[in-house]
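Accompanying notes for the structure given below.
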Amino acid sequence: MTVAAVPPRDTPRRPPRLERPTPTPRLTASCRRLPAPDGCEAFWAAVRREGTPLTGPDPLDDDDHMAVTWLWRGTAATRAVQVMPNKIGDPRAPHDNLMEHVPGTDVWHWTARLRRDWRGTYDLFVDEGGGPEHGTPEYWQWLRTRRRPDPFNSRTTPRRWGGDPVPYAELPGAPVAFGWEERPGVARGTVRAPQVPSAHLGGHRRVWLYEPPVPSGHAGDLPVLVLLDGEHWQEELGVARMLDNLIADGRIPPVAALLPDSVDPATRWDELSCRPAYADFLTEELLPWAAARLPLTSDPARTVVAGQSLGGLTAAYAAYRAPWRFGNVLAQSGSFWWPNAEDATEAEWLTGQLAAAPRLPVRFRLSFGEQEWVVLPAARRLRDVLARAGYDDAVHREFNGGHDYLCWRTELADGLVELLGVA
């Protein structure tokens, strides 16, 4: 198969600018009674015991939805508080996510109506004085530099590219994140992080190599997972624990995993954007390097390439470029809008290539957040293209969340079971 040339490197590094198709699901009233000035101490004591955000019944009496209230305890200097649940809001209307202040108290609040299977991370931004004039474009940019932790929520997950952990919330109907819990007595695989030489990328690239625990009497080669953005999945999230647990439960066979480092945001943009050199690094350098150290399968039907966002785009591109090596694509919130060219005929380049190519021997497992209104149009067009091209085994899933590792970790485990699961 002849692979078409990719768009130029100066493609704009952002998704298309789209308005949110539905309003931010904000409610005017809190899900709980808010205090009068003389009742603040008791109110905050109760909040501290319960944790934030608070939840309550849906004001429209729909059992599938809940009211969810975020809170901030302000000071005399507090002028504004903005809460930004992942993709629950529109950057074009940042005032929609400003909390209300209860007069005479230190209570600030913001409530949304969400379906009870929602989960997501969120940030709080607090204006305590200074900065540009309120409401100007410069003000909103400045406010996004005033991030504060949520003192009433102990549930956090590591933030991408470092910094303070990000708080999160999960409603009662959110799917169970199988495999991520700590379990005593489970056989553990080994993880190393060697430097792999690469002529395609220039120099060396750090790669986390996961070798699974193999039961006695196990014979044969190992299926392979190539999971992009390894520095976050392993160093921050500890994906090896999830693999250990899924293997121990018999939900997947012992699988070897290769997790290349994305280095930094600039390198990631350069490499995880349908670049032949990066795909060739995976197929011609990384996999042969690992096969010299572990008994890896060469069967594409037992090989998965997985990624999120730009990594999801790159996972699909790697299989498009080398279907003889990658027979399974696990793409989560893939950036299939890329490139965002001024000429709409040049946008969604990879989708166009898949539409024009013969059907490849590749299974696609795609998932996206329902709140990701910017990427969903391109994702659904890719789904339709795959259906028309005869990919009858392609899976397209939409979960109630945003562009969020908190959701991707659940989707990653589910996807591996679907693609590699033991029958």
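The values are calculated or read from the model by the stated rules, or taken from the named source; none is laboratory data. What you see is a predicted model, and the numbers here were worked out from it, not measured in a lab. Note that each Cβ is placed from the backbone with ideal geometry, even for glycine, and that neighbours are counted across all protein chains shown. What goes into the accessible areas is simple: the full protein's heavy atoms, side chains included, and nothing from ligands, DNA or RNA. Shrake-Rupley method; radii C 1.70, N 1.55, O 1.52, S 1.80 Å.
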(request) Calculate I(q)/I(0) for the stretch 53-141 by the Debye formula, one identical point scatterer on each C-alpha and no solvent, and give its log10 at q = 0.14, 0.17, 0.18, 0.26 Å⁻¹ to two decimals. (result) -0.55, -0.78, -0.85, -1.36
(message) So for each of 256-264, 170-178, 94-102 I average, over its residues, the number of other beta carbons within 10 Å; can you give me the resulting order with the highest mean first?
(response) 256-264, 94-102, 170-178
(message) For Cα pairs less than 8 Å apart in space and 6+ apart in sequence, what is the mean separation divided by the residue count of the chain, i.e. the relative contact order in percent?
(response) 15
(request) Evaluate 2.2 N^0.38 Å with N set to the residue count of the stretch 89-196, then give the Cα radius of gyration divided by it. (result) 1.46
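Expressed in nm², what is the orientationally averaged projection area of the convex hull enclosing the Cα positions of the stretch 208-293? The partial results should precede the final answer.
Working: hull surface 25.3 nm².
Projected area, direction-averaged: 6.3 nm².
With +1 assigned to the C-beta of every Lys and Arg and -1 to the C-beta of every Asp and Glu, and no other charges, what is the dipole magnitude of the stretch 89-246 about the Cα centre in debye, to the nearest 20?
Dipole magnitude for the stretch 89-246 comes out near 400 debye.
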(message) From the C-alpha coordinates alone, can you work out the Kirkwood hydrodynamic radius of the stretch 53-96, in Å?
(response) 12.8
(message) If each DSSP helix of 4+ residues adds -39,500 (n - 2.57) and the sum is divided by the residues in the chain, what number results at 222 nm, nearest 500 deg cm²/dmol?
(response) -6500 deg cm²/dmol
(message) I'd like the FRET efficiency for R192 and E133, computed as 1/(1 + (r/R0)^6) with the beta carbon distance as r and R0 of 56 Å, rounded to 0.05.
(response) 0.55
(request) With unit charges on the beta carbon (Lys/Arg positive, Asp/Glu negative), name the residue among L386, F399, L420 whose Cα is farthest towards the positive pole of the charge dipole of the stretch 376-423. (result) L386
(request) Decide, for the stretch 300-423, between rounded, prolate and oblate: order the square roots of the alpha carbon gyration tensor eigenvalues as a ≥ b ≥ c, take rounded if a/c falls under 1.5, and otherwise choose prolate if a/b is larger than b/c, else oblate. (result) oblate
(message) Taking the full set of protein chains and a 1.4 angstrom probe, give the accessible area of S154 in square angstrom, rounded to the nearest 10.
(response) 110
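Given +1 on the Cβ of Lys and Arg, -1 on the Cβ of Asp and Glu, and no further charges, what dipole in debye does the chain carry about its Cα centre, rounded to the nearest 20?
So the dipole magnitude of the chain works out to roughly 400 debye.
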(request) Using only the alpha-carbon atoms of the stretch 349-402, report the extent along each of the three principal axes, biggest first, to the nearest angstrom. (result) 33, 21, 13
(message) Let me spell out the model: positive unit charges on the Cβ of Lys and Arg, negative unit charges on the Cβ of Asp and Glu, origin at the Cα centre of the stretch 121-189. What dipole size does that give, in debye rounded to 20?
(response) 360
(message) Per-residue counts of other Cβ atoms within 10 Å, averaged by peptide: what ranking do you get for 316-329, 377-390, highest first?
(response) 316-329, 377-390
(request) Report the one residue of W373, P253, T55 whose Cα lies farthest in the direction of the positive end of the charge dipole of the chain (charges on C-beta: Lys and Arg +1, Asp and Glu -1; origin at the Cα centre). (result) P253
(request) Just check the stretch 135-230 against the gyration tensor rule for me: Cα atoms, a ≥ b ≥ c as the square roots of the eigenvalues, rounded for a/c under 1.5, and otherwise prolate or oblate depending on whether a/b exceeds b/c. (result) oblate
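Per residue, how many Å² of accessible area does the chain show with a 1.4 Å probe?
Details: 18160 Å² over 423 residues.
Averaged over the residues of the chain, the accessible area is 43 Å².
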(message) Cβ neighbours within 10 Å, averaged per peptide: list 135-143, 229-237 in order, most packed at the top.
(response) 229-237, 135-143
(request) Scan [x] 181, 53, 40; [y] 71, 56, 43; [z] 73, 48, 39 for the value of Cα extents along the principal axes in Å calculated from this model and give just the label. (result) [y]
(request) Pick out, from V107, Y168, G327, the residue whose Cα sits farthest towards the positive end of the charge dipole of the chain, with +1 on the Cβ of Lys and Arg and -1 on the Cβ of Asp and Glu. (result) G327
(message) Need one number: nm distance between label points at Q141 and D392, each 7 Å from Cα along Cα→Cβ, rounded to one decimal.
(response) 5.4
(request) Figure the gain on full extension for D61 and T297 (residue separation times 0.36 nm, minus the Cα-Cα span) and round it to one decimal in nm. (result) 79.6 nm
(request) Could you tell me what percent of the accessible area of the chain is made up of carbon and sulfur, with a 1.4 Å probe and every protein chain present? (result) 51
(request) Let me know the shape class of the stretch 297-336, please: from the alpha-carbon gyration tensor, a ≥ b ≥ c as square roots of the eigenvalues, rounded when a/c is under 1.5, otherwise prolate if a/b is greater than b/c, or oblate. (result) prolate
